[in-house]
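In what follows, a single structure is set out as structure tokens and then discussed.
Computed from the coordinates by the stated procedures, all read-outs in this text should not be read as laboratory data. Being a predicted model, the structure only gives us computed values, none of them experimental. So basically every Cβ, Gly included, is an ideal-geometry build from the backbone, and we count neighbours across all protein chains shown.
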Amino acid sequence: MKTATFIGRCLAAHGVRHAFGHPGSDVIELIEGLERAGIDFILTHHENSGAFMASVGGLLTGVPGVVETILDSQEYRRSPDAP
């Protein structure tokens, strides 16, 4: 089983029905895994918009909110684990 399929199944088992985000080439397989598990991917203009949507959805429903983001080189350089 691919990791993307496993993640999709686990999220679906926790009641997740929607995931938000702005796709990039490094997350296409994850989006497909979510959709195979019955989770709708909702395209957003920016990751921040997706994060707000996932957060509010989680607060209103009690189901975990899901947002996917791409790994940006700028973001990576700001992380504490970056070399």
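Remind me, relative contact order of the stretch 3-78 in percent, using alpha carbon pairs under 8 angstrom and six or more residues apart?
For the stretch 3-78, the relative contact order is 37 percent.
Write out the trypsin sites (Lys or Arg not before Pro) in the stretch 1-52 meeting two conditions: DSSP loop, and at most 14 other Cβ atoms within 10 Å of their Cβ.
LYS2, ARG17
As an exercise, find the ratio Rg/Rh for the chain from alpha-carbon atoms, using the Kirkwood inverse-distance average for Rh.
1.00
Select from GLY65, GLY57, GLY21 the residue whose mean-square fluctuation is largest in a Gaussian network model of the chain (Cα-Cα springs shorter than 10 Å).
Highest fluctuation among the options: GLY57.
With charges set only on the Cβ (+1 for Lys and Arg, -1 for Asp and Glu), what does the dipole of the stretch 3-78 come to about its Cα centre, in debye to the nearest 20?
Its charge dipole is roughly 240 debye.
For ALA19, what residues show an amide H to amide H distance below 5 Å, using hydrogens built from the backbone and excluding near sequence neighbours?
Placed amide hydrogens put ASP40, PHE41, ILE42 under 5 Å from ALA19.
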